[in-house]
Structure formats: structure tokens, C-alpha cells
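Data first, discussion second: the structure below is written as C-alpha cells.
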């Protein structure tokens, strides 16, 4: 028969054991790094309980201008896998990987995706997207995972590369990200193969439902009103996939400032084409978009999330939440 003292001791021992389990479980998880918050969320969904994900560029962070700190090198050094977008998005990554001395495998999430090419306009930073991009051999872009901007074009001193890196803005592309993440995790942790495959399949089903939702919402917007202004050119894949025209004065990277000529041309275009709405982005200074709104009469439609998620209290704390927020904002501004 247990005495009161022995019962208390048993309860204490059980409590200490329970406290120790999460720590041990955390130590047993596969340590991986994702370069930015959107990619980190995709990795978490595929990795599930087997993976501990550290994200370098966090919520509302701008990966275009990110400056790694010594602490980031330590995170990369401790990782077994480093997941990156590629396509020249993380121009700082090669230096970080080298500085860290990591032995981690670098997994390029965009492998297999046909990237959109930019068509330079004569007057400045507003870029068009070539719907028939001729970059079929995506294996050539693997070096971009380490930030090497091969064959990059120089826009006012900033190397952004010849292709648009924002591939996640197409949900069909996000499914490719998921498959690449799954395969990378399986290669690093074969014992988790069944779990990674099940997680990837379940999440892909959610993305299928999300894509149907986005297509239905766009279809409900009058075709003539499917034109908007955003801060920088981050929505080319969304526009190409779902039939919305995005016009941006700033170009692909937030590093490059829009020139007065760019802004004047955009203002003329808005007035001529009667573009109904302009949108600010969570990672960009809203003053330029507000100025364009004031000078054209186009209303500010709200905040779109382009290159980063919101924090946990915001409307876009996951990839699915981000895409749902964006289509809600677009629908509200363009449908009326």
C-alpha cells in the first residue's frame, strides 16, 4: 500500500519524466533551416513532429535585403538540411553557408519549376513576365540555392537575376515545393519516409482546395477590373496562374528604388487603363503606393503578403492563410 509520502514521490517522478519528454523529443528531431518564413511553414507541414525547423528571415522580414548575423551561421552549422527557394532569391546565402562551415545538404525548393522570365522595359524597373519562359532546364538553377546569381542582370547596381524567384505565389508551384521538401527529408531521414509522404499528401490536398478557392474568387471578379498596382513585382506567378495583371514600379527586389520616371509612367498607365486599386505589401514602405493612390484616385485595397508571412497574431501566419488573405483583399477591392 502506498503511503502519502511514497505517493507524492511517485507523482513527482512522473512529473519530472513528463517534463523531460519534450526536451528529449526535441533533441531527437531532425534539425533543419529554412531561408524565409513562407518556406519554413511549408517545411513544418511536411516535416511534422519529426522535424525542428529554424527560419532565418522571419515574419514580415524582407529576404531581399536580409543581412545574416553570426547567430545565423550557427543555426546553419547545426542543421542537417538547409531549405532554400533558389532562383537567385537568397543572394546572401552562399556567403552564409561558407561562413558556417556546415555539412548540411542544401535542398532547392523550386527544383522542377519552370521560372518566369522578366522582360526589361526601356524606361525602368517595371517588369513584364514572359509566359513562355525558355528556362526549361531547372537543374541549372541549383547554384542559386547558394546565392550565386549566374547570368544575372544588373539593375542599378543590384543583381536580381533574369528570372522571377517568387514562384510560391502560384499554388501549383507550392505543390512542387512540397514534393521537393518531402524528398529532401526522406533522403536525410529514411526512417520517417511514411510520415513525410503522408504529411505531404495531406497538405497537398489542402493546397488543392485552396487553389480551387482562389480560382473561384478570381472568376467572380469582372475581367476588366483584374488589374492592380503593388509595391514591388512579387506577384507575377499569381497573375500568370490566375489571370490578374500586376503592375509594380519597383521591380523584383525591394533593394532597388523606383525612379521618378518609373512612377510617372505608372501613374499615366493607371489613369489610361483605369486601374481600380493599389495595394501595399507587408514588407514594403507604403509611402510610394499611397502617393500613387493620391495622384490617380485609385483606392488603396489593403495589405498583400508577398515575400513573408505575418506573425502568429496576423492574418497570414501560414502559407494557406496568406493566400486566403490576399485573395480576400483582391476580391474586396476589385469586385465592386
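Do you know which residues across the range 50-94 are in contact with a helix residue (DSSP H, G or I) (Cβ under 7 Å, 6 or more places away or on another chain) and assigned to a loop (DSSP other than H, G, I, E, B)?
Within the range 50-94, 58, 59, 61, 68, 80, 85, 86, 87, 88 meet the criteria.
Of all residues in the range 307-323, which are in contact with a helix residue (DSSP H, G or I) (Cβ under 7 Å, 6 or more places away or on another chain), surrounded by fewer than 22 Cβ atoms within 10 Å (Cβ to Cβ) and not in a loop (DSSP other than H, G, I, E, B)?
Across the range 307-323, the qualifying residue is only 320.
Do the conditions hold for residue 216, that is, is it in a helix (DSSP H, G or I), under 24 Å from residue 43 (Cβ atoms) and modelled with pLDDT of 90 or more? Outline the logic, then answer.
Numbers: in a helix (DSSP H, G or I): yes; under 24 Å from residue 43 (Cβ atoms): no; modelled with pLDDT of 90 or more: yes.
Judged against the criteria, residue 216 is not a match.
Hey, any hits in the range 222-237 for a residue that's assigned to a loop (DSSP other than H, G, I, E, B), more than 26 Å from residue 173 (Cα to Cα) and at pLDDT below 80?
So far as the range 222-237 goes, no, none of its residues is assigned to a loop (DSSP other than H, G, I, E, B), more than 26 Å from residue 173 (Cα to Cα) and at pLDDT below 80.
Please determine whether any residue of the range 105-113 is farther than 18 Å from residue 167 by Cα, assigned to a helix (DSSP H, G or I) and in the same structural domain as residue 182 (by TED's automatic domain parsing).
no
The values are calculated or read from the model by the stated rules, or taken from the named source; none is laboratory data. The structure displayed is predicted, hence computed values, not measured ones. Glycine gets a Cβ as well: all are built from the backbone with ideal geometry, and neighbour counts include every protein chain shown.
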